[in-house]
Amino acid sequence: MAVEPKAEGVLSATGLTYLAHCAHAPLRFVRRDVAQPALGEAFFEAPTLEALAHRVYRGFAARIREGCPRAECGRCAPGCSSSCVRRVYTIASSDDEDMPEALHAYLVLGFDHGRGVRSLAARDARIAKAEAFHTLAVNESEKARQFVRFSELSTGAFFSLYTPKANVLPLVAGHFARRMEGERFLLADPKHKVAVLFSEGRIIVGPLSPEEVAELSRPHELSDVERSVRALWKRFYDALALPGRGRHERGYDLRAQFMPKRIADGLIELDPTIDDGFAAQAWESAVAAGALAAGVGELAAAQIMKKTLPAFPEASFEAVDGAKG
């Protein structure tokens with residue numbers, strides 16, 4: 001069965017096979033974009049039905065919770081039971097051609113065995129692959145949280161291009177929304193053609209067309225504050241760097257081991273084109289311009305400082321003055 005390579009596509013196709021009373025053994029799920037039938041095989045292109053996919057997901061979540069011994073004994077921590085269920089989306093983020101079949105097996109065996117489906121990895125190669133896809137997605141999500149670098153554009157919005165090895169931007173969108181609450185940002189993945197837009201407290205995750213990918217990949221005009229912060233951050237990073245880790249030095253291999261080249265190429269602190277000299281003259285002017293725009297003069301700043309100080313009783317100051325005397 002040829003399915004759309006995402007969680008909803010596999011969930012929907014799994015629901016269709018159940019409603020059609022199809023036996024699971026002769027079925028094989030493949031990505032629709034790379035489907036190539038073997039000798040004697042015929043593929044059916046399964047449509048993605050969002051309502052059916054949500055129904056299958058809710059049923060799978062209920063079945064996993066039934067089979068969880070911690071939930072049955074009332075010792076299940078908040079969010080613990082959903083970790084097995086959320087694997088549906090972490091597994092689906094993989095780009096591997098075997099992802100649909102591995103996720104299909106995880107769903108089918110999950111309905112049969114409940115939470116014990118993860119213990120079948122030693123006996124079922126498909127479940128082992130599903131667990132490997134989950135581990136990859138977790139690692140890539142952590143790298144995204146660590147290495148995504150937003151830049152402030154001249155429009156005041158923040159923008160970042162990031163290319164992970166799996167489609168994990170939808171998985172980490174909530175993290176950046178919490179970290180940048182009150183801001184507007186666009187986080188785009190040109191490889192998987194997906195973007196995360198956050199504005200006015202709302203998160204929108206959607207696909208990108210090839211034209212939009214080309215438009216987002218071109219250079220954008222940065223704000224003066226952004227250029228200053230980049231230069232200062234690079235200067236700070238270089239000041240803390242250990243000697244001997246240059247590209248042609250011995251310590252470079254150790255550095256590259258923990259920071260893959262595909263990530264290092266997009267890091268601001270490793271960009272040789274950033275002008276350190278820009279920081280000195282632009283930082284003070286940018287801060288001054290920002291303060292002027294906000295209406296914060298010396299008197300206003302003093303009032304703000306006074307408001308933030310703790311309120312001490314007058315007797316405490318008299319005691320201090322007496323001690324000094």
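The values are calculated or read from the model by the stated rules, or taken from the named source; none is laboratory data. This is a predicted model, so every value here is computed, not measured. Note that we place each Cβ from the backbone using ideal geometry, even for glycine, and neighbour counts take in every protein chain shown.
Cβ-Cβ contacts under 9 Å between residues 6 or more apart (or on different chains), taken from a first residue in the stretch 119-133 that is in the same structural domain as ILE91 (by TED's automatic domain parsing) and farther than 14 Å from ILE91 by Cβ to a second residue that is of a type in the set (Phe, Trp, Tyr) and not in a helix (DSSP H, G or I), are absent.
Consider the stretch 114-130 and keep the residues that are assigned to a helix (DSSP H, G or I), of a type outside the set (A, V, I, L, M, F, W, C) and surrounded by fewer than 16 Cβ atoms within 10 Å (Cβ to Cβ). The one that is modelled with the lowest pLDDT is GLY116. Looking only at residues of the stretch 143-169 that are of a type outside the set (Phe, Trp, Tyr), farther than 18 Å from MET259 by Cβ and without any contact (Cβ under 8 Å) to a residue 60 or more places away in the chain, we find that the one that is surrounded by the most Cβ atoms within 10 Å (Cβ to Cβ) is LEU169. Taking the stated definitions as given, is VAL205 under 13 Å from the mean Cα position of the chain (by Cα) and under 28 Å from LYS6 (Cα atoms)? Answer is yes for this residue. Once the stretch 186-202 is narrowed to residues that are more than 18 Å from PRO164 (Cα to Cα) and of a type outside the set (S, T, N, Q), the residue that is farthest from the chain's Cα centre (by Cα) is GLU200. Annotation: of all residues in the stretch 64-108 being assigned to a helix (DSSP H, G or I), surrounded by fewer than 16 Cβ atoms within 10 Å (Cβ to Cβ) and basic (Lys, Arg), the one that is modelled with the highest pLDDT is ARG86. Residues of the stretch 3-53 being assigned to a loop (DSSP other than H, G, I, E, B), more than 26 Å from the chain's Cα centre (by Cα) and crowded, with 20+ Cβ neighbours inside 10 Å, which ones? Across the stretch 3-53, the qualifying residues are PHE29, ALA46.
Considered as a group, the residues in the stretch 198-223 that are surrounded by 15 or more Cβ atoms within 10 Å (Cβ to Cβ) and touching a helix residue (DSSP H, G or I) at 6+ places or on another chain (Cβ under 9 Å) include one that is farthest from THR135 (Cα to Cα), and that residue is SER223. Residues of the stretch 171-185 that are in contact with a Phe, Trp or Tyr (Cβ under 8 Å, 6 or more places away or on another chain) and closer than 18 Å to LEU136 by Cβ: LEU171 alone. Confirm whether ARG230 is under 19 Å from SER154 (Cβ atoms), touching an Asp or Glu at 6+ places or on another chain (Cβ under 9 Å) and either surrounded by 12 or more Cβ atoms within 10 Å (Cβ to Cβ) or without any contact (Cβ under 8 Å) to a residue 40 or more places away in the chain (or both). Against the criterion (under 19 Å from SER154 (Cβ atoms), touching an Asp or Glu at 6+ places or on another chain (Cβ under 9 Å) and either surrounded by 12 or more Cβ atoms within 10 Å (Cβ to Cβ) or without any contact (Cβ under 8 Å) to a residue 40 or more places away in the chain (or both)), ARG230 qualifies.
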